[in-house]
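Q: Sharing a structure here in structure tokens format.
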Amino acid sequence: MKILRSALTALAALGAFAGSAQAADLVIYTSQPNEDAQATVDGFKAANPGIDVEWVRDGTTKIMAKLMAEIEAGKPAADVLLIADTVTLERLKQDKRLMAYVSPEAKAYEASLFDAEGYYYSTKLITTGIMYNTQASMKPTSWKDLAKPEAKGLVTMPSPLTSGAALIHAQTLSGNPALGWDYYRALKENGATASGGNGAVLKSVASGEKAYGVVVDYMPIREKAKGAPIEFVFPTEGVSAVTEPVAILAGTQHADAAKKFVDYVLSEKGQEGFLKLGYIPARNGMPVPEGFPGRQSIKLMPFSAAEALKNSEQDLKTFSDIFGGKG
Amino acid sequence: MNSASPKVARPRHAPDPGSSQPRWLFPFVFAILLLLSILPLGRLAVTGLLSLASGGGDGLLGDPALWTALWHTLTTSFLGMLVSVAIGGSFALLLTLFDIRLKTAIGFLFMLPMMIPPQVTALAWLGLTGPSSTLLKALGLAPPLGSPQPLYSIGGIALLLGVQNAPLVYLALRAGLLALPRDGVEAARLSGASALQVLRDIILPLALPGFAAGAAMAFVSNVGNFGIPAILGIPASIYTLPTLIYAKFASFGPSTFADISLLSGLIALLSLAGLTVEERLLRGRDYRIIGLSGRSAVFQLMGWRVFSEALLWLVLFLILLLPFAALVSSSLAPAYGVPLTLQTATLYAYEEVLLRQSITRTAFSNSIGLSLATAFGLLLVTVVMAYAVSRSGPRLAALINALADIPYALPGIVLAVACILLFAAPLPLLGVSIYGTIWIILFAYCSSFLAVSLRPLVSAFRQLDPSLEEAARLAGAGFGRRMRDILAPLIAPAAGAAVILVFLIACNELTVSALLWSAGTQTLGVVIYNLDDSGSFNLASALSVLVVLMVLVMMVLLELMASRLPKGVVPWRS
């Protein structure tokens, strides 16, 4: 028995060693790329020393799936969400999964950029436009250019089944009478592919597997600054946008730290952090990052979050009926 | 083992002073097997059958995605197996039967692909081919804009699966070849048979079961592989059963638990079919014991030697050095699509991964902590289990071995699903849930790698002369005393090898943790996959390079221990 007991004690001790990486003061689920997530967390920790932060990054839909599975198992790990779109958060709010918090920073924001009751706040403006490889023969200026013969087999885009921004983009474009779902059918006819997230699109256009990609603005603009052979254009019809909102989950054990995080990302300092990473800040009176046209000259296509939430399921189905695959 | 009491005969444990086995031995062994093997797999079977019975299968079986994934799984696994047989078979034949120089070095290098995590292999090859290749760009050989990445295809997946698992065929065939009856070959040569005739009429027929068993092992390994089809298949919407499970889990819905239990049941069936074939093939191989088996080369290659050696090194260059060079060049590139030159090369990715990303530290400490806990935790139970196996009759030994083997033989994704089902609800009595904590990963690792730890110890115990222990027993030494003073020192090298092997395999693991990770419990495999997924190809490459270096160090350690270990413990030696 003694051997058995010492064996179990040793096993438990080793397990405890392995398990020592647990129990942070704040857990953030985000869809920002790893480097940005780390920079955001570093900025927050510098402003709020002593708070130990754990973060998890994945595509918006995957993060949500993880969260739902954890809720199902009775053990949600996240305290704060910082993910692509307000539609997802609106759904969580309606399911009573979010905690309301009125941040003092909210007064510096347009009323359309946050939930009036304080359930979620937009943190930045991420538009979706067109990127192309500088070796490409055609320089696209309009969404419709991607359906032209010059772009045959050379277009790729993220799948709404993986990316929150991509879903809102598809809903925005399909809701535009000049484009609609017929535009997507034309893209499919032209050999366009849709799979994975924005990172995959960036990779495949920058590396030259494809010539044109539908992608969120900051990725190509940032990579171009590092020397990648790519350009980003805001098409003439306008762009779709997501606002990467932040929200606190209902039932969090770390409400105080979570509130501090919300205040930080909305504060001038937090917004400067996003600006440095190459995002357009959501806060009033902030400049745009290098490489962007002025904020006034970026034309946003109309979009209704409430409508989008209602139609999400149908739109996903329409999209996958056209493009097939599962993201 | 570390029983502090010097007293040997304590009535509570050993009524007959020095009785050969303590009473708790077999109950303990079966409690471990119940916990790590029967419980999770039984839970999976029950959920699967219940959901089939309640019609849960109808929706899934009517889903064309399932049948496409099944077809992709079968084609990639089968084609991959052919590649493995071609590469692994040639290496085994040339290295075992012919007078090739530097055999140990070649064998060691050839085993590397199997030890490298599959998603790292996939990333390395992606960096090697297609218009995205930093390496080809640096050489000015990159294909033109719009060229498809050839690896994003059934053929690409099959090729990499083949390279990854070629060592399995090599090992199986080599074991068979080394045990060939040498006098039969000599008799044939003396009667005037040419080398070719001997090879064709004696050696190859005798080696066939080893060949086929290796092929079956490669097939089973291919069926369960996640890293390669995840990185090469998902961007091209080519789903295999494991990646389909991942996709189902990544779009969690009301029917997810039922669906993934059925899907993993299907993978388990495919694997079991492959394992049955392998077992059948290996059953009738007792003939190999007849006669002397020889280690020395049977045939002289003469003028062909330099050519054959060049060929072997060329293949190693193609499947090992070139992809690794591509991986390194991707990790040094400043941004996508920028040609790598001395001016553009940057260590930024390493700085970011090592110094700024907290996730890297989390992943290293999780992977290393989990691997150490699994390796040493398993050692504690497998020493006792291996002793029980070596001291019990053939039937009982076979049962224990089989129960330990099944979780290891089944694909990791099946085990991960079994663990999710077992632990999604809070534990009975305790009321706490280990889902979403590091404990569920530790449990899955212990279950999955039990066999890896058990095997070297069983072979070490079997090699021991029982008279040693017998003598100690007659002198009145109890089980603990015998274990500590007689057995432990003798099996220590095998125990060391078991620890290193489990550590090596657990450190590189992706499939199990891909479904089980949560905040703060990311493993190295998960982080590499996630970095690539978020578009940070250079960071993923840099971390992969570091992991490959770690694997190399562990393999060298094992190689240095090799001479003190029982035969067959170090996989690349025989």
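Q: Just checking, which of A:Thr40, A:Thr61 is assigned to a helix (DSSP H, G or I), at the interface with chain B (Cβ under 7 Å from one of its Cβ atoms) and closer than 30 Å to A:Phe234 by Cα?
A: Only one candidate passes the filter, namely A:Thr61.
Q: All but one of (1) assigned to a helix (DSSP H, G or I); (2) crowded, with 22+ Cβ neighbours inside 10 Å; (3) among the polar types (S, T, N, Q) hold for B:Ser90, so report the exception by its number.
A: With (1) assigned to a helix (DSSP H, G or I); (2) crowded, with 22+ Cβ neighbours inside 10 Å; (3) among the polar types (S, T, N, Q) applied to B:Ser90, the lone miss is (2).
Q: Would you call B:Thr360 within 17 Å of B:Ser544 (Cβ to Cβ) and part of a helix (DSSP H, G or I)?
A: yes
Q: Would you check which residues across region A:291-302 are in contact with a helix residue (DSSP H, G or I) (Cβ under 7 Å, 6 or more places away or on another chain) and surrounded by fewer than 18 Cβ atoms within 10 Å (Cβ to Cβ) and list them?
A: Of everything in region A:291-302, just one residue is in contact with a helix residue (DSSP H, G or I) (Cβ under 7 Å, 6 or more places away or on another chain) and surrounded by fewer than 18 Cβ atoms within 10 Å (Cβ to Cβ), namely A:Gly291.
Yes/no matrix, rows are residues, columns are (1) closer than 15 Å to B:Leu501 by Cα; (2) part of a helix (DSSP H, G or I); (3) within 11 Å of chain A (Cβ to nearest Cβ); (4) of a type in the set (Asp, Glu):
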{"position": "B:Ser365", "(1), (2), (3), (4)": "no, yes, yes, no"}
{"position": "B:Ile368", "(1), (2), (3), (4)": "yes, yes, yes, no"}
{"position": "B:Ala388", "(1), (2), (3), (4)": "no, yes, no, no"}
{"position": "B:Leu396", "(1), (2), (3), (4)": "no, yes, no, no"}
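Q: What number of residues within region B:52-72 satisfy the criterion of being closer than 17 Å to B:Tyr239 by Cα, part of a helix (DSSP H, G or I) and either more than 14 Å from every other protein chain (Cβ to nearest Cβ) or modelled with pLDDT of 80 or more (or both)?
A: Counting residues in region B:52-72 that are closer than 17 Å to B:Tyr239 by Cα, part of a helix (DSSP H, G or I) and either more than 14 Å from every other protein chain (Cβ to nearest Cβ) or modelled with pLDDT of 80 or more (or both) gives 10.
Q: Can you tell me which residue in region B:436-445 is nearest to B:Thr374 (Cα to Cα), limited to those that are touching a residue at least 60 places away in the same chain (Cβ under 8 Å) and at the interface with chain A (Cβ under 9 Å from one of its Cβ atoms)?
A: This residue is B:Leu442.
Okay, residues lined up against (1) part of a helix (DSSP H, G or I); (2) farther than 30 Å from B:Ala460 by Cα; (3) more than 11 Å from chain A (Cβ to nearest Cβ):
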{"residue": "B:Arg482", "(1), (2), (3)": "yes, no, yes"}
{"residue": "B:Ala492", "(1), (2), (3)": "yes, no, yes"}
{"residue": "B:Leu501", "(1), (2), (3)": "yes, no, yes"}
{"residue": "B:Gly525", "(1), (2), (3)": "yes, yes, yes"}
{"residue": "B:Tyr529", "(1), (2), (3)": "yes, yes, no"}
{"residue": "B:Asp532", "(1), (2), (3)": "yes, yes, no"}
{"residue": "B:Asn538", "(1), (2), (3)": "yes, yes, no"}
{"residue": "B:Leu546", "(1), (2), (3)": "yes, yes, yes"}
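Q: Is there a residue being under 30 Å from B:Leu270 (Cα atoms), touching a residue at least 24 places away in the same chain (Cβ under 8 Å) and surrounded by 24 or more Cβ atoms within 10 Å (Cβ to Cβ) anywhere in region B:334-357?
A: Checked region B:334-357: no residue is under 30 Å from B:Leu270 (Cα atoms), touching a residue at least 24 places away in the same chain (Cβ under 8 Å) and surrounded by 24 or more Cβ atoms within 10 Å (Cβ to Cβ).
Q: Kindly provide the set of residues from region B:510-523 that are assigned to a loop (DSSP other than H, G, I, E, B) and closer than 23 Å to B:Val551 by Cα, ordered by number.
A: Answer for region B:510-523, where residues must be assigned to a loop (DSSP other than H, G, I, E, B) and closer than 23 Å to B:Val551 by Cα: B:Leu510, B:Trp517, B:Thr521, B:Gln522, B:Thr523.
Q: Would you please list the contacts, defined by Cβ atoms under 9 Å and residues six or more apart or on different chains, that run from a residue in region B:422-435 that is farther than 17 Å from B:Ser261 by Cα and at the interface with another protein chain (Cβ under 8 Å from one of its Cβ atoms) to a residue that is among the basic types (Lys, Arg) and part of a loop (DSSP other than H, G, I, E, B)?
A: B:Pro426/A:Lys75; B:Ser433/A:Lys75
Yes or no, residue by residue, for (1) farther than 22 Å from A:Ser103 by Cα; (2) in a loop (DSSP other than H, G, I, E, B); (3) out of contact with any strand residue (DSSP E or B) (no Cβ under 7 Å at 6 or more places or on another chain):
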| site | (1), (2), (3) |
| --- | --- |
| A:Glu244 | no, yes, no |
| A:Ile248 | no, no, no |
| A:Phe261 | no, no, no |
| A:Gln271 | no, no, no |
| A:Phe274 | no, no, no |
| A:Phe292 | yes, yes, no |
| A:Pro302 | yes, yes, yes |
| A:Glu307 | yes, no, yes |
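Condition check ((1) in contact with a helix residue (DSSP H, G or I) (Cβ under 7 Å, 6 or more places away or on another chain); (2) over 20 Å from B:Val381 (Cα atoms)) across all residues:
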residue: B:Pro456; (1), (2): yes, no
residue: B:Arg462; (1), (2): yes, no
residue: B:Ile486; (1), (2): yes, no
residue: B:Pro489; (1), (2): no, no
residue: B:Ala498; (1), (2): yes, no
residue: B:Phe503; (1), (2): yes, no
residue: B:Gln522; (1), (2): yes, yes
residue: B:Val527; (1), (2): yes, yes
residue: B:Ser536; (1), (2): yes, yes
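Q: Keeping to region A:166-194, report how many residues are within 14 Å of chain B (Cβ to nearest Cβ) and either more than 22 Å from A:Glu313 (Cβ to Cβ) or surrounded by 24 or more Cβ atoms within 10 Å (Cβ to Cβ) (or both).
A: Within region A:166-194, residues that are within 14 Å of chain B (Cβ to nearest Cβ) and either more than 22 Å from A:Glu313 (Cβ to Cβ) or surrounded by 24 or more Cβ atoms within 10 Å (Cβ to Cβ) (or both) number 7.
Q: Taking B:Ala506 and the conditions (1) at pLDDT 85 or above; (2) away from chain A (no Cβ under 14 Å), which numbered condition does it fall short on, given that it satisfies the others?
A: (2)
Q: Name every residue in region B:103-142 that is of a type in the set (A, V, I, L, M, F, W, C) and not in a helix (DSSP H, G or I), in order of residue number.
A: B:Ile116, B:Leu128, B:Leu141, B:Ala142
Q: Continuing with the same structure: Does A:Ala69 satisfy being buried (at least 21 other Cβ atoms within 10 Å of the Cβ), free of Cβ contacts under 8 Å to residues at least 12 places away in the same chain and either in contact with a helix residue (DSSP H, G or I) (Cβ under 9 Å, 6 or more places away or on another chain) or more than 8 Å from chain B (Cβ to nearest Cβ) (or both)?
A: So A:Ala69 fits the description; yes.
Q: Kindly evaluate A:Lys203 against the criterion of being part of a helix (DSSP H, G or I), within 14 Å of another protein chain (Cβ to nearest Cβ), under 16 Å from A:Gln135 (Cα atoms) and out of contact with any helix residue (DSSP H, G or I) (no Cβ under 8 Å at 6 or more places or on another chain).
A: The answer is no for A:Lys203.
Q: Let me ask another. Go through (1) within 10 Å of another protein chain (Cβ to nearest Cβ); (2) under 16 Å from A:Thr30 (Cα atoms); (3) part of a loop (DSSP other than H, G, I, E, B) for A:Gly74 and report which single condition fails.
A: (2)
Q: To continue, here is another question. Just one of the numbered conditions (1) modelled with pLDDT under 80; (2) within 11 Å of chain A (Cβ to nearest Cβ) is not true of B:Gln21; which one?
A: (2)
Q: If a residue counts only when it is within 14 Å of chain A (Cβ to nearest Cβ), which helices (runs of 4 or more DSSP H) contained entirely in region B:149-262 have at least 3 such residues?
A: Helices (runs of 4 or more DSSP H) meeting the threshold: B:241-249.
Q: Further question: Determine if region A:90-107 includes at least one residue that is more than 28 Å from A:Gly227 (Cα to Cα), crowded, with 19+ Cβ neighbours inside 10 Å and at pLDDT below 90.
A: Scanning region A:90-107, I find at least one residue that is more than 28 Å from A:Gly227 (Cα to Cα), crowded, with 19+ Cβ neighbours inside 10 Å and at pLDDT below 90, so the answer is yes.
Q: Consider A:Ser159 against the criteria (1) more than 25 Å from A:Arg57 (Cβ to Cβ); (2) touching a helix residue (DSSP H, G or I) at 6+ places or on another chain (Cβ under 9 Å): it satisfies all of them except one. Which criterion is unmet?
A: Unmet for A:Ser159, out of (1) more than 25 Å from A:Arg57 (Cβ to Cβ); (2) touching a helix residue (DSSP H, G or I) at 6+ places or on another chain (Cβ under 9 Å): (1).
Q: With respect to A:Gln296, is the statement that it is under 24 Å from A:Met64 (Cβ atoms), of a type in the set (S, T, N, Q) and without any contact (Cβ under 8 Å) to a residue 40 or more places away in the chain true?
A: no
The values are calculated or read from the model by the stated rules, or taken from the named source; none is laboratory data. Remember, it's a predicted structure, so these values are computed and weren't measured experimentally. With ideal geometry, Cβ positions are generated from the backbone for all residues, glycine too; neighbour counts draw on all protein chains shown.
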